[in-house]
Each structure stands twice: as C-alpha cells, then as structure tokens.
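Below is one structure, written out as structure tokens; comments come after it.
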Amino acid sequence: MTKLTTKRKLVLPREGKKIAGVCMAFANYFNIDVTLVRIIWVFLLLPGGLPGIIPYLICWAVIPSEK
C-alpha cells in the first residue's frame with residue numbers, strides 16, 4: 001500500500017490577510033484556525049512587543065508570497 005503525502009508550503013496568501021498575511025500563512029500550513037494563530041501573536045506582543053513583533057517582521061520578509 002502506498003502512502004499519499006501532500007507537500008505543504010508556507011506561503012503568504014494573496015487574499016484573506018489582515019496585515020501581512022503571516023498568521024494566515026501559519027494557519028494554512030498547520031491546518032488550524034487563523035484566529036488561534038492571531039491570538040498567539042497577540043500574547044507574544046503583550047510582554048513588551050519584541051517577542052512578537054521581531055519574529056513577525058522576519059517571517060514577513062522571509063516567507064514567499066503566493067503565486
């Protein structure tokens with residue numbers, strides 16, 4: 001029996017994004033609700049901003065856009 005595997009890609013979406021699409025990209029990649037990912041980013045921003053904003057900006061710069 002062959003095992004079917006799907007190749008997932010982390011890409012910034014063209015539609016449905018709020019700011020840069022980073023949260024939606026992670027939600028699509030891990031197949032979870034985008035609201036949950038956004039709540040996690042907000043919690044990372046609460047203790048002063050740097051634990052959440054720097055990784056967000058890096059992801060925005062590094063993750064390729066959807067074609």
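Specify the residue that is nearest to Pro64 (Cα to Cα); the eligible residues are those in region 3-13 that are touching a Phe, Trp or Tyr at 6+ places or on another chain (Cβ under 9 Å) and assigned to a loop (DSSP other than H, G, I, E, B).
Filtering region 3-13 for residues that are touching a Phe, Trp or Tyr at 6+ places or on another chain (Cβ under 9 Å) and assigned to a loop (DSSP other than H, G, I, E, B), the one nearest to Pro64 (Cα to Cα) comes out as Val11.
Provide a single number: the residues in region 45-61 that are among the aliphatic types (A, V, I, L, M) and surrounded by 11 or more Cβ atoms within 10 Å (Cβ to Cβ).
The qualifying residues number 5.
Identify, please: which residue in region 1-31 is closer than 17 Å to Val62 by Cα and β-branched (Val, Ile, Thr) and is, among those, modelled with the lowest pLDDT?
Looking at residues that are closer than 17 Å to Val62 by Cα and β-branched (Val, Ile, Thr), I get Ile19.
Considering each residue of region 14-25, count those that are out of contact with any Cys (no Cβ under 8 Å at 6 or more places or on another chain) and in a helix (DSSP H, G or I), and give that number.
Number satisfying all stated conditions: 2.
Test of understanding: among Val42, Val37, which residue is surrounded by fewer than 14 Cβ atoms within 10 Å (Cβ to Cβ) and either without any contact (Cβ under 8 Å) to a residue 60 or more places away in the chain or part of a helix (DSSP H, G or I) (or both)?
Val42
The values are calculated or read from the model by the stated rules, or taken from the named source; none is laboratory data. Only a predicted model underlies this, so the values are computations on that prediction, with no experimental measurement involved. Cβ sites come from the backbone with ideal geometry, for glycine too, and all protein chains shown count toward neighbours.
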